[in-house]
Amino acid sequence: MDKRTFLKHVGMMSFAAPLTFIQLEEAVSGVIGRDLMDVAKDEDFWLKVRGDYDLKPDYINLENGYYCFMPRQTMDHTIEHLRAVNYEGSYYMRTVQRENKNRVANKVAEIVGCSGEEVVITRNTTESLDIIIGGIHWNAGDEAVMAEQDYGAMLNHFDFVADRFGVVNKRVSLPNHPKNDAEIVDLYASAITSKTRILMVCHMINITGQVLPIRKITDMAHARGVEVMVDGAHAFSHISFQMKDLDCDYYGTSLHKWLSAPLGAGMLYVKKDKIDKVWPLLAERDLEPNDIHRLNHIGTHPVHTDLGILDAIEYQNTIGLERKEARLKYLQHYWTSQLRDVSRVVINSPVEMSRHGGIGNVGIDGIEPADLEKRLFAEYQIFTVAINRPGVRGLRITPNIYTTTEELDSLVHAIKELSV
Ligand SMILES: Cc1ncc(COP(=O)(O)O)c(C=O)c1O
């Protein structure tokens, strides 16, 4: 064994043995081969999954959209990784750090069927998308298209490039209940001119849960010479998709959201032939122009998080992303379908399952969202978040895979009482 191989070997040895997830595997083996929607409705199965989470008993947590905390297995292993990295210190950093980071990028890439060379691990969606927004070679008068319902941090960064470079931002306002895909595509198309450089679009709108027809939007934009950057904060590991089916140029997400990876984990996808066009903000000069690592030289950071991502992927793979997606959609449908026809109640999320994931939004006419949030917590011990944005006034409801239908019954009961 030469010195380098030896050091690498020792570095790998110090980590926890691979997860076995024995109980979870046993539960999953009982549902293999069954119809996805049938499993989605199987409360006994999901109760076993719930057993993997340490849940605070004081309230019903329907605010998993901020981040989806880790199941116990992922958390325990992440703590072991923290200990192991701390034990080795610089030795870890100088021997296996980069190799492990690449291993993680390859595993993340596998989930969406792209090359690991097109993926870089970041700290979150904000960092991923800001690398692109700030890394475009902007000229005065260039235009960018986005939506009023996009995430504030990205809208802010576009406002900054407008101030700095004279970029013109065009914002469309998306309907909560589109008639069809064409309505959305046409809306974005109407904002494109010969000066448009890039279109930013949410894969799943964070405040309503609406899933947008990304492929149709990218086809339309590309036909007009416009690049597409997808904000996938809420879609990755929530709905299953392949990057090639979206055909976007850039995709950013947070792995601490629906993958339930440790906090401070994200990814940026850049289509191979676009990598050398992005100006690095956290620069690395000694790499080939088309090496994606050139784009985020973030310096020394908590690298044990990288290893926790692998555990989170293993956890998700054990359950199966398709089962998880079906359950989340079912949960959204479960509570929204009981409230859609209730007087004064407004559901700000589409009804068709193909247009939503697990997130939903509900308001009550005559009650301010912030007041509704407070009353739901104080009177019913249900934790949610108020949304007061253009066209969307209500509470964002984000269950996770540990949520029971019984908990959602409490939500339905509370909203009905408050709407009287
Ligand atoms: C649509 C969307 N984009 C970006 C972000 C930012 O995610 P993070 O804070 O993990 O960077 C969020 C966070 O909720 C979001 O909902």
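The values are calculated or read from the model by the stated rules, or taken from the named source; none is laboratory data. Keep in mind it's a predicted model, so treat the numbers as computed, not measured. Every residue, glycine as well, gets a Cβ built from its backbone with ideal geometry; the counts of neighbours run over all protein chains shown. The accessibility values were calculated without ligands, DNA or RNA, using every heavy atom of the protein model including side chains. Shrake-Rupley method; radii C 1.70, N 1.55, O 1.52, S 1.80 Å.
Here are the numbers for the structure shown:
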read-out: Wholly enclosed helices (runs of 4 or more DSSP H) of region 306-420 bearing at least 1 residues of a type in the set (D, E) and over 26 Å from L24 (Cα atoms); value: 369-380, 405-419
read-out: Candidate set: region 129-143, residues that are more than 11 Å from the ligand (Cβ to nearest atom) and under 19 Å from the mean Cα position of the chain (by Cα); chosen: the one surrounded by the fewest Cβ atoms within 10 Å (Cβ to Cβ); value: I131
read-out: Close pairs from region 144-158: first within 11 Å of the ligand (Cβ to nearest atom), partner in a loop (DSSP other than H, G, I, E, B) and not aromatic (F, W, Y), Cβ under 6 Å, at least 6 apart; value: A147/L174; Q149/L174; Q149/I205
read-out: Qualifying residues in region 56-77 (those that are over 14 Å from L259 (Cα atoms) and in contact (Cβ under 8 Å) with a residue 40 or more places away in the chain) - the one surrounded by the fewest Cβ atoms within 10 Å (Cβ to Cβ); value: D58
read-out: Residue match in region 163-181 (condition: part of a strand (DSSP E or B), closer than 19 Å to M204 by Cβ and open to solvent by 40 Å² or more (accessible area, probe 1.4 Å)); value: yes
read-out: Qualifying position, being of a type outside the set (A, V, I, L, M) and within 23 Å of the chain's Cα centre (by Cα), among F158, F165; value: F158
read-out: Qualifying strands (runs of 3 or more DSSP E) (wholly inside region 186-305; at least 1 residues being touching a residue at least 40 places away in the same chain (Cβ under 8 Å), among the β-branched types (V, I, T) and within 16 Å of the ligand (Cβ to nearest atom)); value: 196-202, 250-254
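Yes/no matrix, rows are residues, columns are (1) within 16 Å of the ligand (Cβ to nearest atom); (2) surrounded by fewer than 18 Cβ atoms within 10 Å (Cβ to Cβ); (3) in contact (Cβ under 8 Å) with a residue 12 or more places away in the chain:
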residue: L82; (1), (2), (3): no, yes, yes
residue: M93; (1), (2), (3): no, yes, yes
residue: R98; (1), (2), (3): no, yes, no
residue: N102; (1), (2), (3): no, yes, yes
residue: V120; (1), (2), (3): yes, no, yes
residue: R123; (1), (2), (3): yes, no, yes
residue: E127; (1), (2), (3): yes, no, yes
